[in-house]
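Step one of this worksheet: look at the structure below.
The values are calculated or read from the model by the stated rules, or taken from the named source; none is laboratory data. Note that the coordinates shown come from a computational prediction; the quantities given were computed from them, not determined experimentally. Positions of Cβ are generated from backbone atoms using ideal geometry, with glycine treated the same way; all protein chains shown enter the neighbour counts.
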Amino acid sequence: MYPIDFFWRAATRWPGRTAIDAPEGLVTYAELAGRVRALAAALQAVDPAPQSRVGICAHNSVAHIAALLAVLASGKVWVPLNPKSTRPELRRLVDATGPSILVLDADCADLLEGAPGHRLWTDAAPDGGDTVATLLARHAGAPQPAIALPDDATQAIKFTGGTTGAPKGVMQPYRAWMANIANQIHCWGFDEHERYVLAAPVTHGTSTYLLPILAQGGCHVLLDGSGAQAVRQAFRERGGTVAFMPPTLIYMLMALPGAQRADFPQLRRLIYGGAPMPPEKIREVRAFFGPVLATTYGQTEAPQILTVLQPEDFEDERNWASVGRTAWFSDVAIMAPDGRLLPSGEVGEVVARGDLVMSGYWRLPDKTAETLVDGWLHTGDRGLIDERGMLYLKDRLKDMVITGGFNVYPIEVENALGQHPAVHECAVFGVPDDKWGEAVQAAVQLRPGRQAGEAELMAFVRERLGPVATPKRIHFHASLPRSPVGKVLKNAVRERALAAD
């Protein structure tokens, strides 16, 4: 069985159900299956070689979803290309992976001008070439393709975010996608009544929810517009029940004019990821939305769901700093620098093994050997597992600040700063310092209409964490720099701080 088989079986079982609710209309499972079969045939006609790469650079749309499913159905490898990325960055990813086919929105043409690969357009074709519509007509009635590849064959090459280092192409095998699908269904109880709001790009974490929802006969709701207002509208007027989004978007929903819980009448699960949520923010979000908040921990190297913290787990405030318990098909442990697995309560590197783990980095055998050691994925995160099996992350190993011989974990300082009523969001990092070796500094974005000075915030942290962890400087930003999916870019924040010193 392959990941796409979850969709094929659902289309057979629920042909008349709505698979996608888009602004332009509803798409049933039978209609979507026909589109996927036709597009898969088109991809194989352009390049019949199995495991050839297909890059998709498109905004969330029916055509994007159908093209992605067709890549999976045709035995090819998906290379997501975020249209909000820069031209040099996208070209670097294309040059690294060498896709033979590029599926593009028309407004992405300039981003990939001159890049190799046969163009297929989701909408109007700037070069007069093939569009999804023409391919659907040309290959209408195509049979369901057959796949004959091993479980370790690559399903996708997804690049790490690059917020703390050079991005690497992560080879996600079929087995990892199968493990993710089973875990999502098990952990969230998805069923045929689910209406998943695509609040984040398909090119990123949203992609891991496509097949679990479809497998159970649920519906994907595409936004009519963009931003928090469009997300609220999808919940308020189109029956959204669940979404995955970064914490920043959740805060934006709460800050919309006139925002109230009644705007989300069918909401059952609000899953956040991509960045931690400080305890005080958790309190605010739960007070607004109710007991629906949930989160998962994973990496591109082990997608989405190594551990899970379900809504009922948030009833115990001890768990608010946790990312939950290990999900199915994985082992998660804490390892000492000498390779020993540590007992509960001791801090070390978070390591994982099992079906969810990548097969390696694309054409980077040395990096693969550094990260996959004796079957264990070295995540680069520091943390501990308590006696109940709850994983608590301390920080990225490389992010830890050693100041005056003391270890300071930025996430703990960020949690303290986040408790101040004027602080909307913050990032803490280390910079070289002649006296201390490294000095703790922070970047802060204040809430609209609120004010706080550097001395006030320093005193606030000192009272909670002591002098060692207190930032030596605090930089104020009208808006913290972010990645295309809303993550605060700590490298960019740090570079601005260094330039300001």
Per the filter on region 1-54, residues buried (at least 19 other Cβ atoms within 10 Å of the Cβ) and basic (Lys, Arg) are Arg35, Arg37, Arg53
Hey, does region 332-355 have a residue that's hydroxyl-bearing (Ser, Thr, Tyr) and in a strand (DSSP E or B)?
no
Of the residues in region 373-409, those that are under 21 Å from Glu280 (Cβ atoms) and without any contact (Cβ under 8 Å) to a residue 24 or more places away in the chain come to Asp395
Which ones in region 103-133 are assigned to a loop (DSSP other than H, G, I, E, B) and of a type in the set (A, V, I, L, M, F, W, C)?
Ala109, Ala115, Ala124, Ala125
Which condition breaks for Gln266 when tested against (1) surrounded by fewer than 22 Cβ atoms within 10 Å (Cβ to Cβ); (2) outside any helix (DSSP H, G or I); (3) in contact with a Gly (Cβ under 6 Å, 6 or more places away or on another chain); (4) modelled with pLDDT under 95?
(4)
Taking the options Leu104, Leu136, name whichever one is out of contact with any strand residue (DSSP E or B) (no Cβ under 8 Å at 6 or more places or on another chain), at pLDDT 95 or above and surrounded by 14 or more Cβ atoms within 10 Å (Cβ to Cβ).
Leu136
Could you list all residues from region 193-204 that are outside any strand (DSSP E or B) and surrounded by 22 or more Cβ atoms within 10 Å (Cβ to Cβ)?
Glu194, Leu198, Ala199, Ala200, Val202, Thr203, His204
